[in-house]
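J.: Please find one structure pasted underneath; my questions will follow.
The values are calculated or read from the model by the stated rules, or taken from the named source; none is laboratory data. The model shown is predicted, which means the values in this text are computed figures rather than measured ones. Positions of Cβ are backbone-derived with ideal geometry, glycine not excepted, and every protein chain shown enters the neighbour counts.
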Amino acid sequence: MNIFADFSARIRKAVETLALTAKDGGQLDLSRMTVEPPRDASHGDLASNAAMVLAKAAGENPRALAERLADVLRGDGDVASVEVAGPGFVNLRLSDAFWQQQLRAVLAAGADYGRSTIGANTKTNVEYVSANPTGPMHVGHCRGAVVGDVLANLLSFAGYDVTKEYYINDAGVQIGVLASSVMLRYREALGEEIGEIPAGLYPGDYLVPVGQALAAEFGRGLLDMPEDEALEIVSQRTIDAMMAMIREDLAALNVHHEVFFSERTLHEDGGRKIRNAINELTLRGHVYKGKLPPPKGQAPEDWEDREQTLFRSTEVGDDIDRPLVKSDGAYTYFAADVAYLNDKYARGFRQMIFILGADHGGYVKRMEALAKALAGDEVKLTVLLCQLVKLYRNGEPVRMSKRSGEFVTLREVVEEVGRDPIRFMMLYRKNDAPLDFDFAKVTEQSKDNPVFYVQYASARCHSVFRQAREQLEADIPDAESLGGRAHLLTDESEIALIRKLAEYPRLIEGAALALEPHRLAFYLYELATALHGQWNRGTENADLRFLKVNEPELTYARLGLVQAVSCVLASGLALIGAEAPEEMR
């Protein structure tokens with residue numbers, strides 16, 4: 001249960017009992033009322049702005065209205081006290097019994113605690129990575145891969161019907177360059193001396209096995225074919241090989257897409273899907289024949305100073321109209337984007353999320369405009385941009401990879417530090433903020449390493465249970481029975497830990513609605529800090545230890561608290577795609 005949503009409903013009911021009316025005789029707008037944790041925990045458990053946002057419309061003094069509202073809320077059995085603060089904040093402190101019930105709820109829900117239905121099964125497409133199939137994944141793809149994957153997991157947990165998608169850019173100039181690069185490696189595999197790889201081609205050693213495979217399959221046969229026919233074969237074999245490599249790289253990071261969509265399919269049958277999508281835009285009145293003014297600065301690759309077919313995207317929020325068909329009849333790159341978005345719409349997706357690198361900022365407005373033109377208000381389209389990741393080792397920049405020829409590969413980073421530190425740390429900054437990743441810091445065992453600190457909290461929970469099984473003569477009760485002793489937890493520090501657990505459902509819903517998966521990593525670190533803090537209090541004060549062999553009932557109650565923390569840590573780490581270890585080695 002989201003206790004903040006629950007008390008929002010309770011406060012709304014309390015407002016209704018006051019029989020307030022707007023000065024103009026209409027109904028009051030209750031939509032701006034909020035219930036949140038107070039900025040200062042000493043002010044209570046919950047704070048509401050209800051009186052302040054309603055007072056003006058109702059013609060009342062905010063603080064006086066807050067006092068009236070407080071009087072009603074004091075009659076709520078779960079409320080221990082209500083105070084009015086400042087210009088009219090209503091601060092609530094909830095009873096220990098309420099928090100003890102929340103602990104029972106966590107234990108009863110188990111792995112489903114925090115799961116929500118706010119997504120209302122909305123069919124949602126999250127597209128992420130979508131790197132050109134021209135080589136192995138590099139660290140520049142890593143952040144978008146993690147952000148997209150965790151966001152998809154989070155949305156699914158919040159009740160959305162989510163599909164994880166990868167768009168294969170297997171059409172265009174870069175594929176021709178790739179095929180030419182592999183032809184050189186093919187000739188090399190046949191024994192020819194190819195010398196230094198020419199500028200403009202892909203130099204990485206990762207293409208050597210592809211050339212060798214072609215030599216084993218075709219012998220010298222490709223050299224006897226017409227060049228365009230041979231390059232088509234090489235192109236398809238290479239794309240298949242690169243995508244196999246990319247899938248393996250992503251799997252090493254625990255990233256698995258459900259759909260791999262080929263750009264080539266948009267160009268089949270003479271570009272039928274592209275043509276149909278443009279026709280759809282035309283029927284909606286968004287396409288015309290015209291000329292674009294010369295752009296400021298350097299002209300884009302598809303700009304022409306001649307009449308062409310244009311998307312009237314400025315009428316739906318874009319900065320400039322976009323070319324769809326060049327004067328020679330060829331489709332532009334953007335035309336394929338039109339067809340792809342139209343395809344997603346036809347597949348029933350009503351929320352579309354694109355995770356792109358920061359260098360794709362120019363795509364945001366055009367894609368939002370395109371969604372509005374194709375689907376009106378039926379589709380919510382969001383583009384999230386991921387800023388660069390800079391690699392360091394003990395504060396020194398990491399040099400490029402020898403294998404790739406020009407970048408540090410994703411596989412190299414995973415093999416050195418492991419997938420869990422990568423996935424967690426890629427979320428430890430908001431996606432639109434630059435991120436520094438230091439190999440040394442993400443593997444050190446200290447509080448300054450967030451992923452270690454969170455996983456250590458998970459291991460510590462399991463350690464407590466191992467010790468309990470060794471020290472207690474009786475079997476440890478099941479989770480429901482442990483929850484039945486929750487009323488024995490009355491120390492303020494224990495109640496504070498339960499309060500932190502109770503924030504999880506709100507965290508899930510808020511992060512899903514805001515499309516901000518980094519909130520999950522921050523929350524887990526805060527929960528781990530609270531757990532470690534409670535452990536330390538027990539070290540300093542024997543009365544607060546989780547295990548008190550001479551007081552088995554209190555011990556069971558505290559084991560219930562530890563079990564609940566373990567459950568939420570495991571849930572959050574699973575959404576991040578990391579392990580919740582039972583012990584640290």
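J.: Of (1) surrounded by fewer than 13 Cβ atoms within 10 Å (Cβ to Cβ); (2) modelled with pLDDT of 90 or more, Pro450 satisfies all except one. Which?
T.: (1)
J.: Another question about this same structure. Could you grab the pairs with beta carbons closer than 9 Å, sequence gap of 6+ or different chains, first residue in segment 18-34 and within 24 Å of Gly75 (Cα to Cα), second one hydroxyl-bearing (Ser, Thr, Tyr) and not in a loop (DSSP other than H, G, I, E, B)?
T.: Met33/Ser8; Met33/Ser48; Thr34/Ser8; Thr34/Ser48
J.: A further question on this structure: When segment 124-146 is examined, which residues are found to be within 17 Å of the chain's Cα centre (by Cα) and closer than 18 Å to Thr409 by Cα?
T.: Across segment 124-146, the qualifying residues are Tyr128, Val129, Ser130, Gly140, His141, Cys142, Arg143, Gly144, Ala145, Val146.
J.: Being surrounded by 15 or more Cβ atoms within 10 Å (Cβ to Cβ) and either without any contact (Cβ under 8 Å) to a residue 12 or more places away in the chain or of a type in the set (Gly, Ala, Ser) (or both) narrows it down to one residue among Ala373, Ala440, Ala433; which is it?
T.: So the residue among Ala373, Ala440, Ala433 that is surrounded by 15 or more Cβ atoms within 10 Å (Cβ to Cβ) and either without any contact (Cβ under 8 Å) to a residue 12 or more places away in the chain or of a type in the set (Gly, Ala, Ser) (or both) is Ala373.
J.: A further question follows. Look at Tyr504 and say whether it is touching a Lys or Arg at 6+ places or on another chain (Cβ under 9 Å) and modelled with pLDDT of 95 or more.
T.: The answer is no for Tyr504.
J.: Same structure, new question: Provide a single number: the residues in segment 168-196 that are of a type in the set (Gly, Ala, Ser) and surrounded by fewer than 14 Cβ atoms within 10 Å (Cβ to Cβ).
T.: 3
J.: Could you look through segment 551-585, keep only residues that are in contact with a Lys or Arg (Cβ under 7 Å, 6 or more places away or on another chain) and part of a loop (DSSP other than H, G, I, E, B), and pick out the one that is surrounded by the most Cβ atoms within 10 Å (Cβ to Cβ)?
T.: Checking each candidate, the answer is Ala578.
J.: Return the only residue of Gly26, Gly77 being within 28 Å of Ala109 (Cα to Cα), assigned to a loop (DSSP other than H, G, I, E, B) and of a type in the set (Gly, Ala, Ser).
T.: Gly77
J.: With respect to Ala97, is the statement that it is surrounded by fewer than 16 Cβ atoms within 10 Å (Cβ to Cβ) and not hydroxyl-bearing (Ser, Thr, Tyr) true? Show your work before the answer.
T.: Working: surrounded by fewer than 16 Cβ atoms within 10 Å (Cβ to Cβ): yes; not hydroxyl-bearing (Ser, Thr, Tyr): yes.
Spelling it out, Ala97 is indeed surrounded by fewer than 16 Cβ atoms within 10 Å (Cβ to Cβ) and not hydroxyl-bearing (Ser, Thr, Tyr).
J.: How many of the residues in segment 428-449 are touching a Leu at 6+ places or on another chain (Cβ under 9 Å) and in a loop (DSSP other than H, G, I, E, B)?
T.: Adding up the residues that qualify gives 6.
J.: I need the full set of residues from segment 100-118 which are closer than 26 Å to Leu30 by Cβ and either surrounded by 14 or more Cβ atoms within 10 Å (Cβ to Cβ) or basic (Lys, Arg) (or both), in order please.
T.: Residues satisfying the conditions are Gln102, Ser116, Ile118.
J.: Filter segment 510-548 for residues that are part of a helix (DSSP H, G or I) and acidic (Asp, Glu); which is nearest to Met426 (Cα to Cα)?
T.: Glu526
J.: For segment 409-425, does any single residue satisfy the condition of being part of a loop (DSSP other than H, G, I, E, B) and crowded, with 20+ Cβ neighbours inside 10 Å?
T.: First, pick out the residues of segment 409-425 that are part of a loop (DSSP other than H, G, I, E, B): 418.
Keeping just the survivors that are crowded, with 20+ Cβ neighbours inside 10 Å gives none.
Checked against the condition, which is being part of a loop (DSSP other than H, G, I, E, B) and crowded, with 20+ Cβ neighbours inside 10 Å, segment 409-425 yields no hits at all.
J.: Out of the residues in segment 9-48 that are exposed (fewer than 10 other Cβ atoms within 10 Å of the Cβ) and hydroxyl-bearing (Ser, Thr, Tyr), state the one that is farthest from the chain's Cα centre (by Cα).
T.: Only one residue fits best here, namely Ser42.
J.: Could you tell me which of the residues Gly159, Gly176 is touching a Gly at 6+ places or on another chain (Cβ under 9 Å) and either more than 30 Å from Leu427 (Cα to Cα) or at pLDDT 95 or above (or both)?
T.: Gly159
J.: Only one of (1) of a type outside the set (Phe, Trp, Tyr); (2) more than 30 Å from the chain's Cα centre (by Cα); (3) modelled with pLDDT of 95 or more; (4) not assigned by TED's automatic domain parsing to the domain that holds Arg366 fails for Asp224. Which number is that?
T.: (3)
J.: Moving to a separate point now. Within segment 501-523, work out how many residues are under 18 Å from Ala108 (Cβ atoms) and of a type in the set (A, V, I, L, M).
T.: Total meeting the criteria: 3.
J.: Identify all residues within segment 74-91 that are modelled with pLDDT of 95 or more, of a type outside the set (Val, Ile, Thr) and crowded, with 20+ Cβ neighbours inside 10 Å; write none if there are none.
T.: Asn91
J.: So, one more: Going by the structure shown, is Met52 touching a residue at least 12 places away in the same chain (Cβ under 8 Å), touching a Gly at 6+ places or on another chain (Cβ under 7 Å) and not assigned by TED's automatic domain parsing to the domain that holds Leu482?
T.: Considered against the rule, which asks whether it is touching a residue at least 12 places away in the same chain (Cβ under 8 Å), touching a Gly at 6+ places or on another chain (Cβ under 7 Å) and not assigned by TED's automatic domain parsing to the domain that holds Leu482, Met52 comes out as yes.
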